[in-house]
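Encoded as structure tokens, the structure appears first; notes follow it.
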Amino acid sequence: MSKPRPIEYADGSPEVKAVYDDIKASRKVPDVNNFWKYLANDPKTLKRTWESIKEVMAPGALDPLVKEMIYLAVSVSNGCGYCIASHSAAAAKAGMTPAQFAELMAVVGMANETNRLANGYRVPIDPAFDS
């Protein structure tokens, strides 16, 4: 199998162009980023992922900055360099300060450490927490 290539707007199918147009209009950007261009190799996945992202990241009970910081924290834990870069930029645009980033990274690091310790020691869940 050959390595997937990005699908530029001019080369996209009508389905791909429709998603790209929605992304550009929703985000007020002149072009879609590489993530979407690679997903466009499978137009169904492109559309499904964009629709899900729009729904999950829309304003709701959590404000946009909190959502971006959660996305960033999960991306760091999963080691996704692309998502770390993308959601760091989005969080900064939403107002994340350097102090918030530092504190977020401290929480992510601590959670990863204690999660591994609890799993390694096979710590049973306390009855007070098991509801």
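Between A111, A73, A91, the distinction of being over 11 Å from the mean Cα position of the chain (by Cα) and without any contact (Cβ under 8 Å) to a residue 40 or more places away in the chain belongs to A111 only. Can you spot a residue in segment 31-50 that is part of a helix (DSSP H, G or I) and among the small types (G, A, S)? Among the residues of segment 31-50, not one is part of a helix (DSSP H, G or I) and among the small types (G, A, S), which makes the answer no.
With the requirement that a residue be within 16 Å of M57 (Cβ to Cβ), part of a helix (DSSP H, G or I) and not aliphatic (A, V, I, L, M), what does segment 86-103 give you? Result: S86, H87, S88, K93. Among the residues of segment 2-38, write down those that are open to solvent by 70 Å² or more (accessible area, probe 1.4 Å), among the basic types (K, R) and in contact (Cβ under 8 Å) with a residue 24 or more places away in the chain. Hit for segment 2-38 is R5, nothing else.
What do you reckon, is S131 modelled with pLDDT under 95 and either out of contact with any helix residue (DSSP H, G or I) (no Cβ under 7 Å at 6 or more places or on another chain) or closer than 22 Å to N33 by Cα (or both)? Considered against the rule, which asks whether it is modelled with pLDDT under 95 and either out of contact with any helix residue (DSSP H, G or I) (no Cβ under 7 Å at 6 or more places or on another chain) or closer than 22 Å to N33 by Cα (or both), S131 comes out as yes.
Scanning segment 89-103 for residues being closer than 25 Å to K37 by Cα and either of a type in the set (A, V, I, L, M, F, W, C) or touching a helix residue (DSSP H, G or I) at 6+ places or on another chain (Cβ under 6 Å) (or both) gives a total of 5. Please go through segment 1-59 and pick out each residue that is more than 16 Å from the chain's Cα centre (by Cα) and aliphatic (A, V, I, L, M). Scanning segment 1-59 gives M1, I7, A10, V16, A18, V19, A25, V29, A40. Per the listing D130, D126, the residue uniquely without any contact (Cβ under 8 Å) to a residue 24 or more places away in the chain and open to solvent by 90 Å² or more (accessible area, probe 1.4 Å) is D130. Can we say L62 is within 18 Å of the chain's Cα centre (by Cα) and either exposed (fewer than 12 other Cβ atoms within 10 Å of the Cβ) or in a loop (DSSP other than H, G, I, E, B) (or both)? Yes, satisfied. Check segment 94-114 and report whether any residue there is modelled with pLDDT of 95 or more, under 21 Å from I23 (Cα atoms), open to solvent by less than 80 Å² (accessible area, probe 1.4 Å) and among the hydrophobic types (A, V, I, L, M, F, W, C). Yes, segment 94-114 has at least one match.
The values are calculated or read from the model by the stated rules, or taken from the named source; none is laboratory data. As the structure is a computational prediction, the values presented were derived from the model and not from experiment. Quick reminder, even Gly has a Cβ in these numbers, built from the backbone with ideal geometry, and neighbours come from all protein chains shown. Keep in mind that these areas ignore ligands, DNA and RNA; they rest on the heavy atoms of the full protein, side chains included. Shrake-Rupley method; radii C 1.70, N 1.55, O 1.52, S 1.80 Å.
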